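K.L.:
Shown below is the structure under consideration.
Nothing in this text is a laboratory measurement; each read-out follows from the coordinates by a stated rule. Keep in mind that what you see is a predicted model, and the values were worked out from it rather than measured. For neighbour counting, all protein chains shown are included, and Cβ atoms are generated from backbone atoms with ideal geometry for every residue, glycine included.
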Amino acid sequence: QVQLVESGGGTVQPGGSLSLSCAGSGNIFRTYTMGWYRHAPGKQRELVAVVTSGGSTNYADSVKGRFTISRDNAKPTVYLQMNSLKPEDTAVYYCNAEIKSTVQATVVDYWGQGTQVTVSS
């Protein structure tokens, strides 16, 4: 079994910072693109940031310059450093990873359980 376990999140005042991490475990043979998505009440789930296995990154326009995605391929773990947080960043954040396990021939999309980020004064 492959699992993605998230940690971090919580409540912070506007302008503050939070860090999220997401660790993969189980029968992982190789991890490809990893990323973070978020789902706010009344809105559709949206991409926040992704990072390829080669280190290329892509960010939503709304978070560029404020959020930084990174990864450790050896673990494998993906991180999201969030600075200058705004109330509109409030959402449940989900990590995602394209993983080929040792027991499947195909690459499968896996999701974390989600972690709440609340930005409020």
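K.L.:
Net charge within 15 Å of THR90 by Cβ-Cβ distance, Lys/Arg positive one each and Asp/Glu negative one each, not counting THR90 itself?
P.N.:
Within the 15 Å Cβ shell, the charges total +2.
K.L.:
At a Cα cut-off below 21 Å, give the lysines reachable from LYS64, other chains included and same-chain residues fewer than 8 away excluded.
P.N.:
Reachable lysines: LYS43, LYS86.
K.L.:
Sticking with this one: Determine the relative contact order of the chain: mean sequence separation of Cα pairs under 8 Å and six or more apart, normalised by residue count, in whole percent.
P.N.:
For the chain, the relative contact order is 36 percent.
K.L.:
At 0.36 nm per residue, minus the direct Cα-Cα distance, what do LEU47 and SER70 gain on full extension? Give it in nm, one decimal, please.
P.N.:
Answer, rounded to one decimal: 6.8 nm.
K.L.:
Shifting gears a bit: With point charges of +1 on the Cβ of Lys and Arg and -1 on the Cβ of Asp and Glu, referenced to the Cα centre of the stretch 1-101, which listed residue (GLN13, ILE99, TYR59) lies farthest in the positive direction of the dipole?
P.N.:
ILE99
K.L.:
Between the stretch 86-121 and the stretch 14-42, what's the alpha-carbon centroid distance in Å?
P.N.:
4
K.L.:
Still on this structure: Looking only at THR11, THR77, THR33, which one moves most when the chain is put into a Gaussian network model with springs between Cα atoms under 10 Å?
P.N.:
Maximum among the listed residues: THR11.
K.L.:
Classify the stretch 27-77 from the C-alpha gyration tensor, please: rounded if a/c falls under 1.5, else prolate or oblate depending on whether a/b exceeds b/c.
P.N.:
The shape class here is oblate.
K.L.:
Follow-up. If you put +1 on each Lys and Arg Cβ and -1 on each Asp and Glu Cβ, how big is the dipole of the stretch 1-71 around its Cα centre, in Debye rounded to 20?
P.N.:
60
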